[in-house]
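What follows is a single structure, written as structure tokens, with notes after it.
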Amino acid sequence: MGIYSFTLPDIPPKGKGTSPGGRQAAFSFRDVLSIDALKQLYSPTFLVFVAGLLLISIPFAVYFPYAPVFFKAAGMENPAFKMTFGQMSEVIFLLCMPWFFRKLGIKWVLIMGLVAWAVRYGLFALGAPDTVVWMMIVGILLHGACYDFVYVASQVYIDTNATPPIRAQGQGLFVMISYGVGQGLGTIIGGKIFNSIMNGPDGQSLEQWQMFWTIPLIFAVVVSLMFAFGFREKVVVTNTAATH
């Protein structure tokens, strides 16, 4: 794939422009920091969007490292295979997204994704003490809504609110906030929570796992409420033709 990429045509990003000599404008540190994207997209609602994306990425970082350990402790058979159900559900929810966008709008699609995180961790917490496998499976199947309705929808929100020259910066900002800072913090915080709770002399009990999943559950509920009351902006699709 890497070798094949060298055969593709050279198509610079729309926002790069050209210098007076006809050459493509040089890449700058301003591009790295997404200054232009922040300047154009800035609003109180956008700050809520950024804060929500950052904060929900913290409990997201808990799922993949600790869910397999939890399923194994609960006695689930072949947990690695069952976790692939989440990736399968991504395809289904992704195909359904246009319908949800038309019927509900971007705000409620994002809120549905945030609530899906709370429901998932709630199912894990409720199902932990008695090893209720169906709750765990439903929690896995919610991965499509958790990921698509938050992360893919966030990319759509940025793309439709940014003009072509700063769209690449906007998407870079999204990656830095969610996969960079958010999940980086989530990895650190999740590790500290795990080490503080799973420290019993008899190893990891299912009651300890219930307590463990309750923390990201509360986190997801708080972020959902913050988004529900703070995110008010309606998406205005950028008129691409008008920018040329």
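The values are calculated or read from the model by the stated rules, or taken from the named source; none is laboratory data. Just so you know, these numbers come straight off a predicted model, no measurement behind them. Please note: Cβ atoms are built from the backbone with ideal geometry, for glycine as well, and neighbour counts cover all protein chains shown.
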**Prompt:** In this structure, is Ile137 over 24 Å from Tyr179 (Cβ atoms), in a helix (DSSP H, G or I) and touching a residue at least 24 places away in the same chain (Cβ under 8 Å)?
**Reply:** yes
**Asked** Looking only at residues in the stretch 155-185 that are within 18 Å of Val48 (Cβ to Cβ) and hydroxyl-bearing (Ser, Thr, Tyr), which one is modelled with the lowest pLDDT?
**Response** Thr160
**Message:** It is to be established whether one or more residues within the stretch 216-234 are over 16 Å from Leu53 (Cβ atoms), free of Cβ contacts under 8 Å to residues at least 24 places away in the same chain and either part of a helix (DSSP H, G or I) or touching a Pro at 6+ places or on another chain (Cβ under 8 Å) (or both).
**Reply:** yes
**Item:** Test for Leu217: is it crowded, with 17+ Cβ neighbours inside 10 Å, under 30 Å from Lys103 (Cβ atoms), modelled with pLDDT of 90 or more and touching a Lys or Arg at 6+ places or on another chain (Cβ under 7 Å)
**Value:** no
**Message:** Can you tell me which of (1) in contact (Cβ under 8 Å) with a residue 24 or more places away in the chain; (2) not in a helix (DSSP H, G or I) is the one Glu77 doesn't meet?
**Reply:** (1)
**Fill in**
Within the stretch 49-62, the residues that are closer than 15 Å to Leu173 by Cβ and either in contact with a Phe, Trp or Tyr (Cβ under 8 Å, 6 or more places away or on another chain) or among the acidic types (Asp, Glu) (or both) are Phe49, Gly52, Leu53, Ser57
**Complete:** Of (1) at pLDDT below 85; (2) farther than 22 Å from Arg167 by Cβ, Pro12 fails just (2)
